[in-house]
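Please read the structure below before turning to the comments.
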Amino acid sequence: MRDLDLKLLRLMRTRGHTPELERAAKLLGKAGNNGLGWLLAGGALAAVDARRRPAWATCAALGPVAIGLNYGIKLIVRRPRPVLKGLPPLGGAPSSLSFPSAHSTSAFAVATAMTRVDRRAAVAFIPAVALAAGRPYLGMHYPSDVAVGMVLGTAFGALVPLPRGEAPLPPRDESPLPPREEER
């Protein structure tokens with residue numbers, strides 16, 4: 001398994017690199033630091049959807065909470081970040097610990113929870129997948145760190161209790177997301 005992990009990591013560090021893709025991966029990584037991007041996205045949805053504000057607020061808090069829980073696992077496992085000779089990582093990290101990927105854990109936790117609030121929010125998996133793929137692409141994590149982070153995040157996002165909104169339904173034209181197919 002370790003050999004496959006290293007081969008995949010080396011492949012991701014040596015193929016498909018352009019200045020634009022590296023810049024995008026770094027930008028997504030920064031947005032994922034401490035779950036900040038997810039906090040802002042959930043907060044924005046909470047601000048515009050009064051009926052489901054408590055659930056969106058829970059989603060907003062989930063990113064930073066998932067980072068904290070993930071760090072506890074990192075302290076137990078203590079796997080160091082990857083080192084590839086001649087291929088230094090293209091970003092920095094607050095810790096030298098790699099397993100599991102906190103960015104992947106928080107991204108998948110929030111995307112999963114958001115989808116539970118409104119299935120149209122499944123679009124959150126697009127940046128979540130891009131952010132997760134960016135971690136080994138930048139040399140910050142082994143692919144297995146990311147895979148386990150995705151599984152942990154999905155489980156966390158599926159299990160966290162989401163409060164029910166109690167405000168009345170907003171008029172159709174005030175919904176933060178487009179109407180569902182069955183509502184058209």
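The values are calculated or read from the model by the stated rules, or taken from the named source; none is laboratory data. In this text the structure is predicted, and so the values were computed from the model without any measurement. These accessible areas exclude ligands, DNA and RNA; they are computed on the full protein's heavy atoms, side chains included. Shrake-Rupley method; radii C 1.70, N 1.55, O 1.52, S 1.80 Å.
Specify the residue with the greatest mean-square fluctuation among R52, R81, R15, computed from a Gaussian network of the chain linking alpha-carbon atoms under 10 Å apart.
Per the Cα network of the chain with a 10 Å cutoff, R15 tops the list.
How big is region 11-89 by Rg and Dmax over its Cα atoms, in Å?
16.9, 53
Checking the cross-link filter: which lysines have an alpha carbon closer than 16 Å to that of K74, excluding same-chain neighbours under 8 positions apart?
none
Most mobile of G139, G91, G32 per a Gaussian network model of the chain (Cα springs, under 10 Å)?
Taking springs between Cα atoms under 10 Å, the residue moving most is G91.
Long-range amide H contacts for S98: which residues qualify at under 5 Å (H placed 1.01 Å from N, peptide plane, sequence gap of 5 or more or a different chain)?
Here the answer is R79, R81, since their amide H atoms fall under 5 Å of that of S98.
Excluding residues fewer than 8 places away in the same chain, name every one of the lysines whose C-alpha is closer than 18 Å to that of K7.
Qualifying lysines at Cα under 18 Å: K85.
In whole percent, how big is the carbon plus sulfur part of the accessible area of the chain, probe 1.4 Å, protein atoms only?
67
Over the Cα atoms of region 52-171, compute the convex hull volume and normalise it per residue, giving Å³.
Taking only Cα atoms, region 52-171 has a hull volume of 98 Å³ per residue.
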